[in-house]
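What follows is one structure encoded as structure tokens, with my remarks underneath.
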Amino acid sequence: MAQMNMVKALNTALDEALREDGDVVLMGQDIGRDEGVFRVTEGLLDTYGKNRVIDTPLAEGAIIGGAIGMALYGMKPVAEMQFSGFAFQAFHQVENHLSRFRNRTRGFFRLGMVMRMPYGGGIRAIEHHSESREAYYAHTPGLQMVIPSTPRNARALLRSAIRSPDPVIFFEPKAVYRAFREEVPDEPETMPIGKSQVVQEGSDVTLIAYGAMMRPTLAAAEKLAEDGVKAEVIDLLTVSPMDTETIAVSVQKTGRAVVIHEGPRTCGIGAEVVARIVETSLLYLEAPVKRVTGYDIQFPYFAREDVYLPDAGRIARAAHEVVKF
Amino acid sequence: MSRKNIRLKEKVERLVILDKTGKANEALDPKLDDELSLYLYKLMVQSRVLDERMINLQRTGKMGTYAPCRGQEATACGATPAMDKDDWIAPAYREVGSFIHRGWPMESLIFFWGGYEEGCVPAKGSNHLPFAVPIATQCLHAMGISWGMKVKGESDAVLCYIGDGGTSEGDFHEALNFAGVYKLPLVMFVVNNHWAISIPREMQTASPTIAQKAVAYGFDGIQVDGNDILGCYAAVNEAANKARSGGGPTLIEAVTYRMMFHTTADDPKKYRSEDEVKKWEKLDPITRYEKYLTTRGTLSRNVQEDVKAEAVKLVAEAVERYELHREVDPVECFDFTYEEMPPELAEQREDFIRVLDEAGVKRGPRGHYLLP
Ligand SMILES: Cc1ncc(C[n+]2csc(CCOP(=O)(O)OP(=O)(O)O)c2C)c(N)n1
Ligand SMILES: [Mg+2]
């Protein structure tokens, strides 16, 4: 067991994948000599050479379109977008092809590739470096949208993502990259894609979050405990396909729920969670479900970002309202 | 049946007016009058002083990550002044001198890099777009503005800045292609500073020059020494005149060097040699132009000192205004999403205010909330 932060954990998963499978290649801007702007690919160029860890010219469309080509050819590309805000230059490839090749060819072509990218706010970066646009990908059939929240699950989920026969959009919460360390086992681990986790049990209210919002959500759960409210906390881990059952079982037990995410509220992941709660568990509900999310505005430039991001206070307040309803 | 070379009418040239020692080629010297010559000098000095100050503001925690332009001053300070007042400018993010020339208050740049949308509000009548962070996206906007000029029958032109890295993006090529097809009044100005973060120019394109890409789109390309402000000025001036008189677009490649880190968050030691940087230090565009102006008799030691002192003063005043107006109301982040606020968003805004109140966020004298 070793203590590591999320950057090191992701680096470990990439290292394992490159070592175990000759078809795995990494590609992206500044991932080689510079070892990635967040250093996620540290040491990998030296170990695996520039045929496997590929610095590319500055063109997201070519990176993703090219990765699709490699995947068609039977390889397993793991492409890095420097920031999720720049993945839109590749969105035509994602929507037109990445999500469709399997269906189009009736399963003949399977695009087992991963599109990794840091997402989310909280690091005082300029515009286009702070968005949370997971909903675009979750809305697109054929994609798997995965968002880890801790070093250990990041390493395990990335391993699963690289092994998956279907494309994975892998959002890395950049605010968590170096925020804390966690014990990560020496042996490679996987975690099932499409499964959520109950990370804290409770009986009064279910808090549902993922990615960078897990930290304020767990902090809110602690605050609630001080006030005698026992919160159950679910980490979605995979945003799409969504694990309805884990959510339904919990909400049917607690009768109350709050959904938390950073991205804008309208048509966000929270809307989908609430719809599923209504579809599966309406008659168990003791109160309307609440959402604590980013507002329906563009992510503010960083001078104003702290007041924009959902925090433990907002989450706890919403939970109290739901409990007192 | 035959096989022979295809002759192309488009040409690709290289232009240098000031050599490394600051000596001008007599025949090519645009012989700008003293006032304009000195103005270009002032602009470069102001750009440098502001640039240095912004690095310092970042280091002392008063600003965020910053992408400096040291060593590249001759590009923006030569190119933008070569355009007419009614022409439009589309920058990337390193064109400090361009913003200053078009009348943006210096503090706008500090506000932008300090994390405030307020830094993107254009100076009135400046015909100058704000910073474009997603690489190369501005190329299509510049093309579109020039398209509009053509459609409306105006004889104006557009200057677009883009980096060497940016020339790999599809948007750059699509902009050039449309500009060629519609013969648009567009001057595409590539600031080839040799690096795109850690990726060297040779890894962006296999073409020996960026200028030659123009040929494929059906117009002329020209490579200029990007540390030669007269070269930059003359090339843009000529391209703009051609554009305004219906001659279509030009691609200009200005060869310069990024003397500093990519941004304050970057460590260039990881990917480039100190020797390379030292080599370029000797080619500094300001020193070179100083030599030229001095030989010409336009610049004395005294004037040089005055220019520096004025730049320092202007920058200090801008920083002061920045410090003074940093207290912006966070609630405003709701107010510019739509012309009319939808009811649901108005409710979110109310909720936001409630959160601020409950969190005990203090209010300033104008009744606005104070950021932490
Ligand atoms: C579409 C897009 N992809 C990636 C980035 C991240 N990024 C910011 S600057 C940069 C390098 C740009 O190089 P160049 O075009 O040469 O301009 P320079 O920074 O040298 O002025 C990269 C990759 C971005 N801003 N936009
Ligand atoms: Mg560059």
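A probe of 1.4 angstrom, applied to the heavy atoms of all protein chains, finds A:D227 with accessible area near 100 square angstrom. Here the simple spin-label model places points 7 Å from the Cα toward Cβ, and for B:A216 and B:E281 these points are separated by 3.8 nm. Highest GNM mean-square fluctuation among B:Y93, B:Y233, B:Y39, for chain B modelled with Cα contacts below 10 Å: B:Y39. Taking a ≥ b ≥ c as the square roots of the eigenvalues of the Cα gyration tensor, an a/c ratio below 1.5 marks the range B:9-323 as rounded.
Per atom type, the protein assembly as shown shows carbon and sulfur on 52% of its accessible surface, probed at 1.4 Å. Amide H to amide H distances under 5 Å link A:S240 with A:M145, where only residues 5 or more positions off or on other chains count and H is placed in the peptide plane.
Phi-derived couplings, Karplus 6.51 cos²θ - 1.76 cosθ + 1.60 at θ = phi - 60°, listed residue by residue for the range A:200-213: 8, 8, x, 10, 9, 7, 9, 9, 10, 8, 6, x, 5, 7 Hz, with x used for Gly and Pro.
Quickly rank B:282-295, A:287-300, B:328-341 as a protection proxy: mean count of other C-beta atoms within 10 Å, highest first.
Values: B:282-295: 18.5, A:287-300: 20.4, B:328-341: 15.1.
So the peptides B:282-295, A:287-300, B:328-341, ranked by packing, come out A:287-300, B:282-295, B:328-341.
Just checking the listed ones, B:F352, B:F111, B:F219: in the Gaussian network model of chain B with Cα springs under 10 Å, the one fluctuating most is B:F352. The residues of the range A:294-321 occluded by other protein chains by 40 Å² or more of accessible area, set against the chain on its own, are A:Y295, A:D296, A:I297, A:Y301, A:F302, A:A303, A:R304, A:V307, A:R317; surface from heavy atoms, 1.4 Å probe. Mean projected area of the Cα convex hull of the protein assembly as shown, taken over all directions, amounts to 35.6 nm². Of the whole protein surface, A:D23 contributes about 70 Å² of accessible area at a 1.4 Å probe radius.
222 nm [θ] for chain A, helices only, -39500 (n - 2.57) per DSSP H run of 4+, per residue, to 500? Don't skip to the end; give the middle numbers.
Working: 11 runs with 109 residues, N = 325.
It comes out at -10000 deg cm²/dmol, rounded to the nearest 500.
Each Lys and Arg Cβ is given +1 and each Asp and Glu Cβ -1; about its Cα centre, the range B:29-187 then shows a dipole of about 260 debye. The relative contact order of the range B:85-133 comes to 49 percent, based on Cα pairs under 8 Å that sit 6 or more residues apart.
Using Cα pairs under 8 angstrom and six or more residues apart, how large is the relative contact order of chain A, in percent? Display every interim value, and only then the final one.
Numbers: 729 pairs, mean separation 53.1, N = 325.
Over chain A, the number comes to 16 percent.
Relative to the Cα centre, what is the charge dipole magnitude of chain A, using +1 at the beta carbon of each Lys and Arg, -1 at the beta carbon of each Asp and Glu, and rounding to the nearest 20 debye? Show your work: numbers first, answer last.
Working: 36 positive and 42 negative charges, 111 e Å.
About 540 debye.
Lysine pair count for chain A with Cα-Cα distance under 17 Å and sequence separation of 8 or more or different chains is 9. Once the partner protein chains are put back, the range B:322-359 shows a loss of at least 50 square angstrom of accessible area, versus the chain by itself, at B:C333, B:Q348, B:F352, B:V355 (probe 1.4 Å, ligands and nucleic acids excluded). Membrane-span-like helices in chain B, defined purely by DSSP H runs whose alpha carbon atoms cover 30 Å or more axially and whose average Kyte-Doolittle hydropathy reaches -0.5, are B:34-59, B:301-324. Listed cross-link partners B:K269/B:K308; B:K152/B:K242; B:K124/B:K213; B:K23/B:K213 are compared with a 28 Å cut-off, the Cα-Cα value being larger for B:K269/B:K308; B:K124/B:K213; B:K23/B:K213. Residues considered: B:L324, B:L184, B:L356. Largest GNM mean-square fluctuation over chain B, using C-alpha springs under 10 Å, is found at B:L356. Legend: mean number of C-beta atoms from other chains within 10 angstrom of residue C-beta atoms, peptide B:110-119, equals 4. Compactness of chain A was expressed as the Cα radius of gyration divided by 2.2 N^0.38 Å, which yields 0.98.
Using the heavy atoms of the protein chains alone and a 1.4 angstrom probe, what is the accessible area of the protein assembly as shown per residue in square angstrom? Please report the intermediate quantities before stating the final value.
Numbers: 29220 Å² over 697 residues.
Counting only protein heavy atoms, the per-residue value for the protein assembly as shown is 42 Å².
In order along the range A:308-317, the phi-based Karplus estimate (6.51 cos²θ - 1.76 cosθ + 1.60, θ = phi - 60°) of 3J(HN,Hα) comes to 7, 5, x, 10, 4, x, 5, 5, 5, 4 Hz; Gly and Pro are listed as x.
Within the full protein context, the accessible area of A:F109 is estimated at about 60 Å² for a probe radius of 1.4 Å. Computed from point charges on the beta carbon alone (+1 for Lys and Arg, -1 for Asp and Glu), the dipole magnitude for the protein assembly as shown about its Cα centre is near 1480 Debye.
The values are calculated or read from the model by the stated rules, or taken from the named source; none is laboratory data. Everything numeric in this text was worked out from a predicted model, so none of it was measured. Here Cβ is always computed from backbone atoms with ideal geometry, including for glycine, and neighbour counts include all displayed protein chains. SASA here: full protein model, heavy atoms, side chains in, ligands and nucleic acids out. Shrake-Rupley method; radii C 1.70, N 1.55, O 1.52, S 1.80 Å.
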